[in-house]
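The values are calculated or read from the model by the stated rules, or taken from the named source; none is laboratory data. These numbers were taken from a predicted model, which means no experiment stands behind them. Counting neighbours? That spans all protein chains shown, and the Cβs are built from the backbone with ideal geometry, glycine included.
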Amino acid sequence: MLEFIVDIDPERDNAALLHFAFALARQHGARLAGLQVVMLSPAEAMVMPDAMLVLEEQEKAAQGRRDWWRELCRGHGVEGSWEAYRGFHEAVLSRRASLADLVLGRLSREAARLASSLNPLGRVLSTDAAPMLLVPDRWAGKGGVRKVAIAWNGSTEAARAVRAAAPLLLRADEIVVLDGASRIRANTRRIPLALDRWLERHALQARWEVLDEEDDNGQSIHERARGHDADLLVMGAWGHSRMNEWLLGGVTRHLLQHSEMPLLVVEA
C-alpha cells in the first residue's frame, strides 16, 4: 500500500490541498497520514519567557486534532492516521517522509515569492526524503490525477521526478511529454536518458511535444500543460544552481510562483 503524507498548517486554508489529497489517496488506495509540525520561530522563542509552555500547549492542541482527521478519512473512505511532532519543520518532515511515497503540501505563492533559497518552501523541497506534490490554494480540479504533463529536459532532476511519479503515471488516462531535451541533446556530453524507452518498459503511452527554444521556459510549459487540461505537472527542480534559480528566475521559480495546477517536484 502506498503512503502519502499531507503537511497541514492549521493557520492556513487547506481546503484545496485536502480535496486533492483525499481524491488522490482514494484513487490509489493509499494510506493518508496527516502531519502537523509544532514550532516557534527563533524570534518568538527569544521574546517569550514561557516559550516551552507555549510549545507544549500547541503540541497538545495539535494532537487533539486526531479525531478531526479520523472523521475526514472516514468520510472520504480513506485509511489514515494523524501525527503531530514538535521541531523544525523541514527536519521533521524530512525524517518522517523517509518512509513515505509522497508528501503533499500547499503551493503558496506568498512563500514562493520570496527570492531566496532559504525560505521555508525552498528548504522543504530540498529535504531529499520523498517527492513533493504541491497543490495551489485555488486549485479546483475534479479530483485524482487523470492527465499528467511531464516537463522533460533530460536532466537527472527530471528523471528522478518521472520515476517518483511512476505510481501516478500508471493510473493516469493520458500523459503528455513537453520535450525540451531533443533540441539540446546534440550540444551536451551528458549520458542520454531515454524517457521514451522508460515509458515503453512500463507499458505507458504518451503524446510528445517538442519545445522550441522560445518555448523552453516556465510560462510556456505552464500554458502548454494547462492547454492539455493536465491535473499534474511533473518536473525536476533547480535545473541550474539553486541560488541562481531563485535570484535570476528560471523554470523552477516561475512555476512555483505562478502555477495554477499541482506540481510534483523532485530535487536531485
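Considering the range 180-190 alone, what residues qualify as being among the basic types (Lys, Arg) and either at pLDDT 90 or above or loosely packed, with under 15 Cβ neighbours inside 10 Å (or both)?
Arg185, Arg189, Arg190
Take the residues of the range 44-74 that are modelled with pLDDT of 95 or more and not in a helix (DSSP H, G or I): which is nearest to Arg31 (Cα to Cα)?
Arg65
Restricting attention to the range 221-235, which residues are touching a residue at least 24 places away in the same chain (Cβ under 8 Å), part of a helix (DSSP H, G or I) and surrounded by fewer than 16 Cβ atoms within 10 Å (Cβ to Cβ)?
Within the range 221-235, just Arg226 meets the criteria.
This table checks each residue for (1) modelled with pLDDT of 95 or more; (2) assigned to a strand (DSSP E or B); (3) under 23 Å from the mean Cα position of the chain (by Cα).
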| site | (1), (2), (3) |
| --- | --- |
| Pro192 | no, no, no |
| Asp196 | no, no, no |
| Leu204 | yes, no, yes |
| Glu209 | no, yes, no |
| Gln219 | no, no, yes |
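In the range 75-86, is there at least one residue being surrounded by fewer than 21 Cβ atoms within 10 Å (Cβ to Cβ), in a helix (DSSP H, G or I) and modelled with pLDDT of 85 or more?
Yes, because at least one residue in the range 75-86 is surrounded by fewer than 21 Cβ atoms within 10 Å (Cβ to Cβ), in a helix (DSSP H, G or I) and modelled with pLDDT of 85 or more.
If I ask for residues that are within 15 Å of the chain's Cα centre (by Cα), under 17 Å from His228 (Cα atoms) and among the β-branched types (Val, Ile, Thr), which ones from the range 128-183 would you list?
Val145, Val148, Ile150
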